[in-house]
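The values are calculated or read from the model by the stated rules, or taken from the named source; none is laboratory data. None of the values given here were measured: they were computed from a predicted structure. Backbone-built Cβ (ideal geometry, glycine too); neighbour counts: all protein chains shown. Surface accessibility is based on the protein's heavy atoms, side chains included, excluding ligands, DNA and RNA. Shrake-Rupley method; radii C 1.70, N 1.55, O 1.52, S 1.80 Å.
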Amino acid sequence: MATLAPSPTGSRLFGSLFDLRRDSLGVLLRGMRECGDVVRFVAGPPGLRLTLHGVFSAEGAQQVLATGAANFRKDSKTYVEVRASFGDGLFTSQDDAYRRQRRLVQPLFTRRRVDQYADAMREEVSVVLRRWRDRTDRVVDLRDESTGLTLRVVARILFGADVEEAVGTMRDSFPVISGSVARRTVSPVNLPRSWDRGYVTAHQRMRHLCDRIIAERSAAGRDEGDDLLGLLARVRDESGDRLAASEVRDQVLIFLLAGHETTATALTFALHLMAHHRDVQTRARAEVDRVLGGRPPGTADLDELTYTTRVLKEAMRLYPPVPSIVRRAVDESEIGGYRIPAGSDVFVSPWVTHRHPAYWADPERFDPERFRPEEEAARPRYAYFPFGRGPRACIGEHFSMLEAVQALAMVLQEFELEGLDTDVSLDQGMTLHATSPVRCRLSPR
Ligand code: HEM
């Protein structure tokens, strides 16, 4: 019988509880350095202990996300919390309900379909750049700017015209809900959600917003709209099956959740890293100028903007927007020679695996060349998985790559960036995000 995985040193009584609260990202990396590829993190006093198994090798990630996916389900404490806040849409549902939703929603995320959103994405980037041009101080916080942009893009693509209120509500509500989900996930005991007034208000505002937009749409007979909400309301499969109104609402919530802070983090750090690595910035700009010759980017240019895409991929290696992906083991299993008891929460971690010395030389160094095709081919597939992998991989990958590469190209066309903040604090809420400003100075070209 295999043994249980080792645990990092922590408080004798509370395990890694306080470390996880204070510096969860640091704790994970220290866990791998101290204990290896499978680590048993325990948090909380005896009797109330929370146990989380971290799996950090590429083979382990593959087992949890793909080959053993039937045993590692979205029943973990994290997913219970996400489900309670964001409903049972594509991100959270399982089994028949999931298969049905994926079948219905997938056609709305084909490359051809998503490419139709490129114009709207570019228009929103143009609005941001116009505002940047008008600034007298020329200093912007990339974190705020990227979050505003990606929220406007996803809201516009979902709701068409009804964007302003959606953006305001989500900007206020999302951090409160996300923070609550993240705290409750690593807490051995939780008070009822209804006791948290801030959470309840934010949650009600977010759900009311979606319900109201959907209801107003159907009342006005505007279900025909070409935005994502209109498509979701109309979509049918061959047998005539369609999403119920509550399922449409849950997808909307999930797209708002999954589709904005993730892309915002990717964009923030790609710009931040280029702002601090002027050689990379110069090379990416030269590519943009060569490929686009001063015109706006389009979907056909994506495959030509190879270096710009590598910059984005490398930014997501160092700052993966989803730093950990959690599952619950149904049956006892073995990973990397260690026993994983039935019922354990198990997570794989782009944050850790993307820095694993077995796959990445000098892992903390920013180097887009790691994503040259020959380098990518030489690495195990599961050494890099910012969008997850396996049967539950991200449906929005092309959406966010299209949005982010276009945005990067348009920024580079107009501005030189100089990074002002070297020490950026990070937090792993529901997604990885900066908790301190990420400022840069802009010089028009
Ligand atoms: C840089 C941007 C993004 C990153 C890094 C990202 C990352 C991820 C990851 C890691 C997963 C897998 C979660 C798991 O296995 O538990 C996932 C799933 C998902 N993502 Fe994304 N995502 C991004 C953008 C988007 C966008 C723009 C949308 C939609 C507009 C989206 C919608 C979804 C959905 C619906 C799922 C669940 C898919 C399924 O289970 O079938 N994501 N994403």
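Return the residue satisfying two criteria in turn: it lies in the range 273-290 and is of a type in the set (Val, Ile, Thr) and in contact with a helix residue (DSSP H, G or I) (Cβ under 6 Å, 6 or more places away or on another chain), and of such residues it is farthest from residue 370 (Cα to Cα).
Among them, the one singled out is 288.
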Discussion item. Residue under question is residue 203, and the condition is that it be on the phi < 0 side of the Ramachandran plot and open to solvent by 60 Å² or more (accessible area, probe 1.4 Å); does it hold?
Written reply: no
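Would you pick out the residues in the range 84-105 that are assigned to a helix (DSSP H, G or I) and more than 10 Å from the ligand (Cβ to nearest atom)?
Within the range 84-105, 84, 85, 86, 95, 96, 97, 100, 103, 104 meet the criteria.
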Worksheet, complete the sentence: Going through the range 359-368 in order, the residues found to be in a loop (DSSP other than H, G, I, E, B), on the phi < 0 side of the Ramachandran plot and of a type outside the set (Phe, Trp, Tyr) are 361, 363, 364, 365, 367
Worksheet item: residue 311: in a helix (DSSP H, G or I), among the hydrophobic types (A, V, I, L, M, F, W, C), closer than 26 Å to residue 7 by Cα and in contact (Cβ under 8 Å) with a residue 60 or more places away in the chain, yes or no?
Response: no
Worksheet item: List pairs: first in the range 338-361 and touching a residue at least 40 places away in the same chain (Cβ under 8 Å), second among the charged types (D, E, K, R) and open to solvent by less than 10 Å² (accessible area, probe 1.4 Å), Cβ under 9 Å, 6+ apart or cross-chain?
Response: 355/317; 360/317
Response to the item:
Checked 328, 310 against criteria (among the charged types (D, E, K, R), within 16 Å of the ligand (Cβ to nearest atom) and in contact with a helix residue (DSSP H, G or I) (Cβ under 6 Å, 6 or more places away or on another chain)); the one match is 310
Item to complete: Go through the range 292-330 and give me each residue that's open to solvent by 20 Å² or more (accessible area, probe 1.4 Å) and among the aromatic types (Phe, Trp, Tyr).
Response: 319
Worksheet item: Can you tell me which of 257, 273, 267, 229 is in contact with a strand residue (DSSP E or B) (Cβ under 9 Å, 6 or more places away or on another chain) and assigned to a helix (DSSP H, G or I)?
Response: 273
Worksheet item: Any residue in the range 142-161 that is of a type outside the set (Asp, Glu) and surrounded by fewer than 14 Cβ atoms within 10 Å (Cβ to Cβ)?
Response: yes
Practice prompt. Within the range 336-362, track down each residue that is over 20 Å from residue 393 (Cβ atoms) and aliphatic (A, V, I, L, M).
Written response: 340, 342, 358, 361
Response to the item:
For residue 80, the lone unmet condition from (1) open to solvent by 40 Å² or more (accessible area, probe 1.4 Å); (2) over 19 Å from residue 392 (Cβ atoms) is (2)
Discussion item. Can you tell me which condition residue 349 does not meet? The list is (1) open to solvent by less than 20 Å² (accessible area, probe 1.4 Å); (2) near the ligand (Cβ under 10 Å from one of its atoms), and all the others hold.
Written reply: (2)
Discussion item. Restricting to the range 35-55, give me the number of residues that are open to solvent by 20 Å² or more (accessible area, probe 1.4 Å) and under 25 Å from the mean Cα position of the chain (by Cα).
Written reply: 5
Response to the item:
In the set 289, 241, the lone residue that is more than 16 Å from the ligand (Cβ to nearest atom), open to solvent by 40 Å² or more (accessible area, probe 1.4 Å) and either more than 27 Å from residue 388 (Cβ to Cβ) or in contact with a His (Cβ under 6 Å, 6 or more places away or on another chain) (or both) is 289
Worksheet item: What are the residues in the range 67-79 that are more than 9 Å from the ligand (Cβ to nearest atom), within 21 Å of residue 258 (Cα to Cα) and assigned to a helix (DSSP H, G or I), if any?
Response: 77
Response to the item:
Residue set 26, 31; condition closer than 30 Å to residue 434 by Cα, in contact with a Pro (Cβ under 7 Å, 6 or more places away or on another chain), of a type outside the set (Lys, Arg) and modelled with pLDDT under 95; output residue 31
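With the condition kept exactly as written, say whether any residue in the range 264-272 is surrounded by 14 or more Cβ atoms within 10 Å (Cβ to Cβ), touching a Cys at 6+ places or on another chain (Cβ under 8 Å) and of a type in the set (A, V, I, L, M, F, W, C).
Of all residues in the range 264-272, those surrounded by 14 or more Cβ atoms within 10 Å (Cβ to Cβ) come to 264-272.
Remaining after also requiring touching a Cys at 6+ places or on another chain (Cβ under 8 Å): 271-272.
This time we only want the ones that are of a type in the set (A, V, I, L, M, F, W, C), so: 271.
Yes, there is a match, as at least one residue in the range 264-272 is surrounded by 14 or more Cβ atoms within 10 Å (Cβ to Cβ), touching a Cys at 6+ places or on another chain (Cβ under 8 Å) and of a type in the set (A, V, I, L, M, F, W, C).
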Practice prompt. Specify the residue that is nearest to residue 30 (Cα to Cα); the eligible residues are those in the range 359-368 that are surrounded by 13 or more Cβ atoms within 10 Å (Cβ to Cβ) and of a type outside the set (Phe, Trp, Tyr).
Written response: 363
Practice prompt. Evaluate the range 106-116: report whether one residue or more is in a loop (DSSP other than H, G, I, E, B), touching a Leu at 6+ places or on another chain (Cβ under 9 Å) and at pLDDT below 90.
Written response: no
